[in-house]
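The block underneath contains the structure these notes are about, expressed in structure tokens.
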Amino acid sequence: MPVGIIEKFQTEREELNQLVMQYAAQGTKRFYSLDSQAYREGALSCKVKELLGLMASFVLRCDDCIKYHVIRCFEEGVSDAELEEALFIGLVVGGTITIPHQRRAIQAWDELKKKE
């Protein structure tokens with residue numbers, strides 16, 4: 001079975017994160033830690049935070065970030081309708097330039113759903 005976009009992304013992300021940490025100074029390590037802490041359960045649920053992260057990444061048009069948050073949304077139990085609504089808000093905010101990123105987000109979501 002060919003390697004899917006999700007597996008390829010996760011493998012590359014892990015390898016590159018390890019490489020970054022080999023060179024990382026204190027500031028970089030602190031930022032990575034802060035990023036991780038921001039998505040922990042708090043006043044907002046992890047699910048809501050991941051949807052917010054997805055929408056922000058979508059508007060900023062970062063495909064790696066979009067894939068990461070699509071995966072996390074899936075893991076947090078986001079429904080198809082919730083995902084679509086978050087992407088719709090991003091489409092309204094970001095405009096038509098986000099459409100290619102919407103396609104790739106849905107492609108990643110569809111791959112995760114088919115593996116379920």
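Just so you know, all these numbers are worked out from the coordinates, no wet-lab data involved. Not measured: the values here are computed from a predicted model. Ideal geometry is used to build each Cβ from the backbone, glycine not excepted, and the neighbour counts take in all protein chains shown.
Residues to consider are R61, R104, R13; find the one that is of a type outside the set (S, T, N, Q), under 13 Å from the mean Cα position of the chain (by Cα) and on the phi > 0 side of the Ramachandran plot.
The match here is R61.
Would you tally the residues in the stretch 16-48 being outside any helix (DSSP H, G or I) and more than 24 Å from V78 (Cβ to Cβ)?
2
Given the criterion assigned to a helix (DSSP H, G or I), β-branched (V, I, T) and within 20 Å of S45 (Cα to Cα), identify the matching residue among I97, I71.
Step by step, each of I97, I71 is checked, and only I71 is assigned to a helix (DSSP H, G or I), β-branched (V, I, T) and within 20 Å of S45 (Cα to Cα).
For the stretch 55-92, give me each residue that is acidic (D, E) and over 17 Å from I6 (Cα atoms).
Kept after step one, since they are acidic (D, E), are these residues of the stretch 55-92: 63-64, 75-76, 80, 82, 84-85.
Answer for the stretch 55-92, where residues must be acidic (D, E) and over 17 Å from I6 (Cα atoms): D80, E82, E84, E85.
Taking the residues in the stretch 1-10 that are of a type in the set (V, I, T) and assigned to a helix (DSSP H, G or I) as candidates, determine which candidate is surrounded by the most Cβ atoms within 10 Å (Cβ to Cβ).
Filtering first and then ranking leaves I6.
Cβ-Cβ below 6 Å, separation at least six or inter-chain, first residue in the stretch 43-57 and farther than 21 Å from H101 by Cβ, second surrounded by fewer than 19 Cβ atoms within 10 Å (Cβ to Cβ) and aliphatic (A, V, I, L, M): which pairs?
Listed by first residue and then by second, the contacts come to nothing, as the list is empty.
Against the conditions (1) surrounded by fewer than 16 Cβ atoms within 10 Å (Cβ to Cβ); (2) part of a helix (DSSP H, G or I); (3) without any contact (Cβ under 8 Å) to a residue 12 or more places away in the chain, where does R13 fall short? Just the number, please.
(3)
Quickly run through the stretch 60-86 and pick out the residues that are more than 18 Å from K8 (Cβ to Cβ) and of a type in the set (A, V, I, L, M, F, W, C).
Within the stretch 60-86, L60, C73, V78, A81, L83, A86 meet the criteria.
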